[in-house]
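Written out below as structure tokens is the structure these notes cover.
The values are calculated or read from the model by the stated rules, or taken from the named source; none is laboratory data. For clarity, every value in this text was computed on a predicted model and none was experimentally measured. As a convention, Cβ positions derive from the backbone with ideal geometry for all residues, glycine included, and neighbour counts pool all protein chains shown. All accessible areas refer to the heavy atoms of the entire protein, side chains included, with ligands and DNA or RNA removed. Shrake-Rupley method; radii C 1.70, N 1.55, O 1.52, S 1.80 Å.
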Amino acid sequence: MDDLAERLLVHALENAVKHRSTPRGGAIIGAVMGRYPELRSRAQEAKALIDGVIAEVDALSHEEREARLASLAPELLAVREERVRDRYALPPLPDAENGVVMRFAPNPSGPLHLGHARAAALNDAYVRRYGGRYILRIEDTDPKRVDPAAYETVPEDIAWLECAITETVFQSDRLETYYDYARRLIERGGAYLCTCENERFRELRQAKRACPCRSQETEESLARFEAMLAGEYAEGEASLRVRTDLEHPDPALRDFPAFRVLTSTLHPRVDATVYPLMNFSVAIDDHLLGCTHVIRGKDHIANTRRQQFIYDWFGWTPPHFRHYGRMGIEGVVLSTSEMRAGIAEGRYGGWDDIRLGTLRALARRGIRPEAVKRSMLAIGCGETDIQYSWENLFAENRQLVDPEADRLWFVPEPVTVEVTGAMPQVSRPLRHPGDPARGTRELGFDRVVLVPKDELDQDVSMLRLKDLFNVRMGTDQDRTRFTYAGDDLAEARAAHAPIVQWLPLGATLPCTLCRPEGDVHGVCEPAVAEKVDRVIQFERVGFVRVDSVGPDGVVAYLTHR
């Protein structure tokens, strides 16, 4: 092999290993010409060679590509492995050498989704790195945001994500603790009971003026707070406010509320009418539970500033805070209220509908929890806003499932075709091209086979029936009559013949492939029925999770391609 051919092959292998997909000819030629200027005069020759190079690479499994790259250019593989390790590295935390206490604190408003996964995964990674405790804190002090079913689904989702939770805390169990610290805050002069109308208070706050309640004596504030707990105030009539700086440039930080009366919505776990607001309960719990570091989105920066006032009033040292940028996720519904409405209207089949971004939907598709966590670690905890890529998640998952997934065949929208000129025989495709030790399965050919309908619409004269032989297409009037055209794979590649899945007539199971964009009906190998709840690869279609087998056949969910 001369220098040009070898370098094209090396760069095609490097590209295929990196992206786990078929390399594009133009990109490979461009990379070679850019790195080796002395070869630019041979650009036309490169164009003549590239299709054969790509066909050679495309015929290899991922493991075979890595092995070939290691033999031709081991330095490229070593560099790539180092980059992969660096990609998951998080910045160090201050004062973490003796261990950390981290917390993941969702509202129980519904199942967890990809938006929750970032905080859960980042906290988990730091606890595993430094050692310590990882608290799952269910923040359920707002009855309006509580779905009773979430008391089960949230811990289940965290267990699926394989986070190293050491203890679970329900804030609704800690109301007496919050009441006690509210009294202490009043006694320190840090809070007062306000009965001003909300609109009037907002006007005063905007004007940097104190409301009439702010000047009340400590004893009066304590008495009013006890009256609040005793049910003497209706909803909206009173709130406990933290005394801050009326001159603060941010109006939202001026005497913000810490407790409110809520009687219009019953809580499913406790009989109460007075509830702490988030900033109060979070500050108290982060201190009492010993949280050393808090990692959360930068939309909480204002909350961090509010909580700092509470820390200052009690003379506590706050945890180290780190705020990461917003994460946009296109093409998926993440709003719990929108998902719930869609389920109620019948647009979605449930919380695990694969068109949703819940962790349950990902699990049903066959996405591994480790892939979710890796994709979040790759994003990291920087302050820059980012757009989350489904392709990055799929690439992480592909690395995990590809070595394990058996290869089996699925023929979508099958059409019956007859092949003339070929003798009956048995095809023995490998269960996994990267692991021949797994053996083969047998598919019998006896002149009549099923092929995908779309293949008959291609503007080609030759097809390659995978792991069998080449065929000539029928005439435009009858594309379903094939003619045997020899066994030579090189001839098929030279003719750019598509490689086509096929199955023997009668030796199949009906199969529905469920995809976010719509279901596809077809047939699959009977061996698929043995893979329920496992991820396999429908060759030349994609990775799928086999969901069920019933009287109507197999139901599988597309994981990704």
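Rounded to the nearest 20 Debye, what is the dipole magnitude of the stretch 388-495 about its Cα centre when Lys and Arg each give +1 and Asp and Glu each give -1 at the C-beta? Numbers along the way, then the final one.
On the way: 14 positive and 20 negative charges, 65 e Å.
In total the dipole reaches around 320 debye.
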Under the Karplus relation with 6.51, -1.76 and 1.60 and θ = phi - 60°, whole-Hz ³J(HN,Hα) for the stretch 91-106, x at Gly and Pro, equal x, x, 9, x, 6, 10, 4, 9, x, 10, 10, 10, 9, 10, 10, x
Contact order relative to length for the stretch 202-358, counting C-alpha pairs under 8 Å separated by 6 or more residues, stands in percent at 14
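At a threshold of 8 angstrom on Cα-Cα distance, excluding pairs fewer than six apart, so keeping six or more, what relative contact order does the stretch 253-303 reach in percent? Each step should come with its number before you reach the end.
Values: 24 pairs, mean separation 17.8, N = 51.
Answer for the stretch 253-303 is 35 percent.
Provide, for the chain, the number of lysine pairs with alpha carbons under 25 Å apart, each pair being eight or more places apart or on different chains. All intermediate terms of the calculation are to be shown ahead of the outcome.
On the way: Lys18/Lys47; Lys18/Lys373; Lys144/Lys298; Lys298/Lys373; Lys453/Lys466; Lys466/Lys531.
Here the count comes out as 6.
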In deg cm²/dmol, rounded to the nearest 500, the helical mean residue ellipticity at 222 nm of the chain, built from -39500 (n - 2.57) for every DSSP H run of length 4 or more, is -11000 deg cm²/dmol
Farthest towards the positive end of the dipole of the chain, among Thr273, Phe314, Val417 and with Cβ unit charges of +1 on Lys and Arg and -1 on Asp and Glu, lies the Cα of Phe314
Given Cβ charges of +1 for Lys and Arg and -1 for Asp and Glu, the option among His116, Ala31, Val146 whose Cα lies farthest towards the positive end of the dipole of the stretch 22-169 is Ala31
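Might you report the magnitude of the Cβ-based charge dipole of the chain about its Cα centre, with Lys and Arg at +1 and Asp and Glu at -1, to the nearest 20 debye? Working shown, then result.
Details: 73 positive and 87 negative charges, 172 e Å.
The dipole magnitude comes to about 820 debye.
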Sequence order, the stretch 20-33: Karplus ³J(HN,Hα) from phi using 6.51 cos²θ - 1.76 cosθ + 1.60, θ = phi - 60°, Hz rounded, Gly and Pro as x, gives 6, 8, 5, x, 9, x, x, 5, 5, 4, x, 5, 5, 5
The set of residues whose placed amide H lies less than 5 Å from the amide H of Ala272, leaving out same-chain residues fewer than 5 positions away, is His267
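With contacts defined as alpha carbon pairs under 8 Å and 6 or more residues apart, what's the relative contact order of the stretch 342-471 in percent?
On the way: 126 pairs, mean separation 21.2, N = 130.
Taking the mean separation of contacting Cα pairs over the length of the stretch 342-471, I get 16 percent.
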Which residues qualify? For Phe410, with a placed amide H closer than 5 Å and at least 5 residues away or on another chain, they are Glu539
Filtering GluC sites (Glu not before Pro) in the stretch 418-493 by DSSP loop and by at most 13 other Cβ atoms within 10 Å leaves Glu442
The ³J(HN,Hα) series, computed from each phi in the stretch 539-553 with the Karplus coefficients 6.51, -1.76 and 1.60 at θ = phi - 60°, rounded to the nearest Hz and given as x for glycine or proline, is 4, 6, 10, x, 7, 9, 9, 7, 8, 7, 10, x, x, 8, x
Computed about the Cα centre, the charge dipole of the stretch 457-561 from +1 Lys/Arg and -1 Asp/Glu charges at the Cβ has a magnitude in debye, to the nearest 20, of 180
Once all protein chains are kept in place, Tyr130 shows an accessible area at probe 1.4 Å, nearest 10 Å², of 60
The set of residues whose placed amide H lies less than 5 Å from the amide H of Cys196, leaving out same-chain residues fewer than 5 positions away, is none
Rounded to one decimal in nm, the spacing of the 7 Å Cα→Cβ label points at Ala59 and Gln216 is 8.5
By the Cα gyration tensor axes a ≥ b ≥ c (a/c under 1.5 gives rounded; else a/b larger than b/c gives prolate, otherwise oblate), the shape of the stretch 487-555 is prolate
Matching label for the computed volume of the Cα convex hull per residue in Å³, out of (1) 139; (2) 157; (3) 206, is (3)
Reduced to Cα centres, the span from the stretch 340-406 to the stretch 426-445 in Å works out to 31
In Å², rounded to a whole number, the accessible area per residue of the chain with probe 1.4 Å is 45
Residues other than Gly439 with Cβ under 13 Å of its Cβ, Lys/Arg counted +1 and Asp/Glu -1, net out at +2
